[in-house]
Amino acid sequence: MYNFDAVIIGGGLAGLRAAYELVNNKIKTALISKVYPIRSHSNAAQGGVNAALGNIEKGLPDNWEKHAYDTIKGSDYIGDQDAIMKMCKEAPYRIYEIEHWGCPFSRTDEGRIAQRPFGGSGFPRTAYATDRTGHAMLHTLYEQIMRKNEKNKYLTFFDEWFVTKLIVKDKSVKGIIALDLKTGDLHPFRTDAAIVATGGVGRIYSKSTNALINTGKGLAIAYRAGADLKDMEFIQFHPTTLYGTNILVTEGARGEGAYLLNNIGERFLKNYEDSKRAMEIAPRDIVARNMIREIKKGNAVNNLYLHLDLRRLGEKLISKRLPGVIELARKFAGINAITEPIPVEPAQHYTMGGIDVDINCRTKIDGLYAAGEAACVSVHGANRLGGNSLLETIVFGCIAGEAAGEYLSKIKKKNERMYLMESALREEKKGIEDLYKREGNESSFKLFEEMSIAMWNNIGIFRNEVQLKEGLENLKRIKERCNNVGIRYKGKRFNFELYWLLELIGSIDIAEAVIMGAIERKESRGSHYRTDYPKRDDENYLKHTIATYSPEGAKLSYKPVTLGYVVPAESYFISRRILTPLLPSGSPAAALCAAPAPCILMENTALPVRHRF
Amino acid sequence: MHINGKYRLACETQILELNAETIIIQPLGHLPVLRDLIVDLTRFFENYRHIKPYLIGKSPIPEKEYIQLPEDRSKIGNTIDCILCGSCFGACPVAGTDNAYLGPSALLKTERFLTDSRDAAEEERLKIANDIHGVWRCHSVFSCQEVCPKELNPAEAISKIKKRILKKGSKKG
């Protein structure tokens, strides 16, 4: 039995940032990750991280209020505005902090952190380290944790361990059970606080830019333990991923001026009402939808994919600004992006929803926290802006670590849990032994694949009631077939048949919450596009979907969105019709509705900002 | 992994590119095998931790970011790309014979911080590298450079560290 004050599940940016905070406060912490932390998916982030540093002034100077405004608008008004403001206000401090720790940001001529424009932002606000920003930040954080941990060793890493269960009693965290993949043994961890930072759930889709590890298991164990999931139906699809492997081709490519072409070499985006003006740099969801429409029309190249054409940019610019794109096109598609167009298709990219947490990363279970893509605070609402995901991890990773530390200092440590831990361990052990004994003829790998294909086909970029219900039925059938999965290899070390079965069981829970949320949200908002309800409906759906676990399936309820700073307006490039009925008449918000420029109401100026270096 | 005679990243190696009838895949070298192709990376990461793989920033720490001019930033431009995959370690003949050798990637990391204009720990870093199991164990075989999937050159970094030490006239080992 292991004994820790806090356990962090997941070793990406959010998990590591939380770990730093705990270790800094001398709290005995375990960090459990199913891969080595530096292999986490944070690594894959290319473009950059948003903060209103104002290092590149173009016209008006940038400030955090403008960053908040862009984020709220990008969220299609379903992001919680207090949380968004908190994130944007803290952004510069978290960026300076990680720079002081050694993050190798690219530089301006004056030696300041370089920033570039990104979709949905009014300013060049995205700080970057070439096109490998996630890698640079992840390594920097890991390095500084090595430094913190050198002498006192408050932090213990459990690399290649897999958490199977969260133990909750009387609505508070008591411990977890984890599987050591190297030995195949289960171990109980006694702890009063747990932080889930396991990233997104992208792999529930067959076409996804996410790493194979992003199955949503962290969400699933919290969900089964009684935490709620929020806004799971909001899944972001990225327009340009490499055909076949679905490796991300950064939005930066289109930002720099690459064209999207159909089978006759036509910039087809001009044929669609919502993209004809902005063309390639229209928002992600609009471009992705129009690409699918074009493919369905039969205008795809070889009837399979579309072309992303960088050629007009010239060799010099491509090599300087997009070296990663050249590398991946060469390695994974055998294409020379300087002389040939790249075959691309849309794929799942980001999970806006997640474990329901408040502005301090707390769930409704005492001692249980979540941060990063695994959590839904919510700062991304119905659609995340590029560059805000990395920001969320370091801002809310820090907040989760602080909140957990504060909680630990307040509670009385109890020692009456031996029995609880032992019985939970016995139960979990028996569960796994039973799985080993099974002789069914289904394979966990195949079922996982079938589930993810069904998700792509039924709950993809375009959704409608008939398809969604069909998807739910498909998922139920797959769930039943899980009982017939046999494990042929009986060894315990790195048993991937067992491992994928455990993943699959978790992913099905999550997939179900995604579909149920999508069925009930009878409107189109951000990434959630219903062909049978193509309009946004603020009157009925300006609210968060909450999914609560029950053995019969997800139970849905709703929660209000925190508004108060920016007024919902029709999003994107459509005219700014303001929805006045939402506002109390005579309020300052209503007065600002008519303003043509972005309006921010500074009612709450008391948001805390922490300077700590 | 060792794939048809060379250390490569299995995740990005294309079968067609190998242009071979038979493909032989072996685990990373010099490390204990846990199962099939999975090795125990403990030693690799112990070496990594040993060299103080973190920026020790100059004082005073500025209110905003450290000023680092583009030409200074370009000095670390390559070394920061290391993904700690271990290919260089597996390919290094010295790592196979000297269990205490720090290995190419850890020493590359040392050079990464030595060249960072924000770092203030040159002396400390050279002291760690200046060891019979440190830079002086490198025989300049350049296998590391040959296999690096990120096209980095640890052997060159090691020789740069050697020069720094010699300049200070404090060779040990």
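So B:ILE83 ticks every box in (1) open to solvent by 10 Å² or more (accessible area, probe 1.4 Å); (2) outside any loop (DSSP other than H, G, I, E, B); (3) at pLDDT 95 or above but one. Which box is left unticked?
Unmet condition: (2).
Is it the case that some residue within region B:57-70 is open to solvent by 80 Å² or more (accessible area, probe 1.4 Å) and touching a strand residue (DSSP E or B) at 6+ places or on another chain (Cβ under 8 Å)?
Among the residues of region B:57-70, at least one is open to solvent by 80 Å² or more (accessible area, probe 1.4 Å) and touching a strand residue (DSSP E or B) at 6+ places or on another chain (Cβ under 8 Å), which makes the answer yes.
Please enumerate the residues belonging to region A:353-362 that are touching a helix residue (DSSP H, G or I) at 6+ places or on another chain (Cβ under 7 Å) and open to solvent by less than 20 Å² (accessible area, probe 1.4 Å). If you could, list the steps in order and put the result at the bottom.
First, pick out the residues of region A:353-362 that are touching a helix residue (DSSP H, G or I) at 6+ places or on another chain (Cβ under 7 Å): A:354-355, A:359-362.
Matches in region A:353-362: A:GLY354, A:ILE355, A:CYS361.
Any residue at all in region A:275-286 that is surrounded by 22 or more Cβ atoms within 10 Å (Cβ to Cβ), under 19 Å from A:ILE335 (Cα atoms) and of a type in the set (Ser, Thr, Tyr)?
Scanning region A:275-286 turns up no residue that is surrounded by 22 or more Cβ atoms within 10 Å (Cβ to Cβ), under 19 Å from A:ILE335 (Cα atoms) and of a type in the set (Ser, Thr, Tyr).
For the list (1) surrounded by 18 or more Cβ atoms within 10 Å (Cβ to Cβ); (2) aliphatic (A, V, I, L, M); (3) at pLDDT below 95, I need the number of the one condition that A:ILE399 fails.
So the condition that A:ILE399 fails would be (3).
Count, please, the residues in region A:407-426 that happen to be surrounded by 12 or more Cβ atoms within 10 Å (Cβ to Cβ) and among the acidic types (Asp, Glu).
Qualifying residue count, region A:407-426: 1.
Specify which of the listed residues (B:GLY90, B:GLY96) is under 21 Å from B:SER143 (Cα atoms), part of a helix (DSSP H, G or I), touching a strand residue (DSSP E or B) at 6+ places or on another chain (Cβ under 8 Å) and more than 9 Å from every other protein chain (Cβ to nearest Cβ).
After ruling out the rest, the residue left standing is B:GLY90.
Could you please let me know if B:ILE76 is at the interface with another protein chain (Cβ under 9 Å from one of its Cβ atoms) and open to solvent by less than 10 Å² (accessible area, probe 1.4 Å)?
Yes, satisfied.
Residue-by-condition table, conditions (1) more than 21 Å from A:PHE494 (Cβ to Cβ); (2) aromatic (Phe, Trp, Tyr); (3) facing another protein chain (nearest Cβ under 10 Å):
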residue: B:GLY5; (1), (2), (3): yes, no, no
residue: B:ALA10; (1), (2), (3): no, no, no
residue: B:GLU21; (1), (2), (3): yes, no, no
residue: B:LEU28; (1), (2), (3): no, no, no
residue: B:ASP36; (1), (2), (3): no, no, yes
residue: B:THR42; (1), (2), (3): no, no, yes
residue: B:PHE45; (1), (2), (3): no, yes, yes
residue: B:TYR48; (1), (2), (3): yes, yes, yes
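Considering only residues that are crowded, with 24+ Cβ neighbours inside 10 Å and within 18 Å of A:ALA371 (Cα to Cα), look in region A:42-51 and name the one that is farthest from the other protein chains (Cβ to nearest Cβ).
So, considering only residues that are crowded, with 24+ Cβ neighbours inside 10 Å and within 18 Å of A:ALA371 (Cα to Cα), the one farthest from the other protein chains (Cβ to nearest Cβ) is A:ASN50.
Give the residue that is farthest from A:TYR20 (Cα to Cα), with candidates limited to residues of region A:92-108 that are facing chain B (nearest Cβ under 9 Å) and outside any loop (DSSP other than H, G, I, E, B).
A:ARG107
How many of the residues making up region B:57-73 are within 25 Å of A:ASN149 (Cβ to Cβ), at the interface with another protein chain (Cβ under 8 Å from one of its Cβ atoms) and either assigned to a helix (DSSP H, G or I) or in contact (Cβ under 8 Å) with a residue 60 or more places away in the chain (or both)?
Result for region B:57-73: 1.
Being in contact (Cβ under 8 Å) with a residue 60 or more places away in the chain and in a loop (DSSP other than H, G, I, E, B): is that true of A:LYS73 here?
Criteria not met by A:LYS73.
Rundown of residues vs (1) assigned to a helix (DSSP H, G or I); (2) within 8 Å of chain B (Cβ to nearest Cβ); (3) open to solvent by less than 10 Å² (accessible area, probe 1.4 Å); (4) under 23 Å from A:ALA68 (Cβ atoms), yes/no style:
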residue: A:GLU110; (1), (2), (3), (4): no, yes, no, no
residue: A:SER121; (1), (2), (3), (4): no, no, no, yes
residue: A:ALA129; (1), (2), (3), (4): no, yes, yes, no
residue: A:HIS135; (1), (2), (3), (4): yes, yes, no, no
residue: A:TYR142; (1), (2), (3), (4): yes, no, yes, no
residue: A:ARG147; (1), (2), (3), (4): yes, yes, no, no
residue: A:LYS151; (1), (2), (3), (4): yes, no, no, no
residue: A:PHE157; (1), (2), (3), (4): no, no, no, no
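Does A:THR215 qualify as being under 18 Å from A:PHE448 (Cβ atoms) and in contact (Cβ under 8 Å) with a residue 40 or more places away in the chain?
So A:THR215 fits the description; yes.
Residues that are in contact with a strand residue (DSSP E or B) (Cβ under 8 Å, 6 or more places away or on another chain) and farther than 15 Å from A:LEU435 by Cβ: list the helices (runs of 4 or more DSSP H) wholly contained in region A:447-545 that include at least 3 such residues.
By residue number, A:496-520.
Which is touching a residue at least 40 places away in the same chain (Cβ under 8 Å) and among the basic types (Lys, Arg), of B:ARG35, B:ARG43, B:ARG49? Walk me through it before giving the result.
On the way: B:ARG35 fails: touching a residue at least 40 places away in the same chain (Cβ under 8 Å); B:ARG49 fails: touching a residue at least 40 places away in the same chain (Cβ under 8 Å).
Only one candidate passes the filter, namely B:ARG43.
Of everything in region A:1-33, what is open to solvent by 10 Å² or more (accessible area, probe 1.4 Å), touching a Leu at 6+ places or on another chain (Cβ under 7 Å) and among the charged types (D, E, K, R)? Give them in sequence order.
Matches in region A:1-33: A:ASP5 only.
Each row is one residue, and each column tells you yes or no for (1) more than 19 Å from A:THR209 (Cβ to Cβ); (2) of a type outside the set (Ser, Thr, Tyr); (3) within 13 Å of chain B (Cβ to nearest Cβ).
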{"residue": "A:LEU308", "(1), (2), (3)": "no, yes, no"}
{"residue": "A:ARG311", "(1), (2), (3)": "yes, yes, no"}
{"residue": "A:LYS316", "(1), (2), (3)": "yes, yes, no"}
{"residue": "A:PRO323", "(1), (2), (3)": "no, yes, yes"}
{"residue": "A:GLU327", "(1), (2), (3)": "no, yes, yes"}
{"residue": "A:PHE332", "(1), (2), (3)": "no, yes, yes"}
{"residue": "A:ALA337", "(1), (2), (3)": "no, yes, no"}
{"residue": "A:ALA347", "(1), (2), (3)": "no, yes, no"}
{"residue": "A:TYR350", "(1), (2), (3)": "no, no, no"}
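Which one of these is within 22 Å of A:GLU406 (Cα to Cα) and either more than 14 Å from chain B (Cβ to nearest Cβ) or part of a loop (DSSP other than H, G, I, E, B) (or both): A:GLY15, A:GLY54?
A:GLY15
The values are calculated or read from the model by the stated rules, or taken from the named source; none is laboratory data. Just so you know, these numbers come straight off a predicted model, no measurement behind them. Cβ sites come from the backbone with ideal geometry, for glycine too, and all protein chains shown count toward neighbours. To get the accessible areas, we keep the full protein, side chains included, count just its heavy atoms, and leave off ligands, DNA and RNA. Shrake-Rupley method; radii C 1.70, N 1.55, O 1.52, S 1.80 Å.
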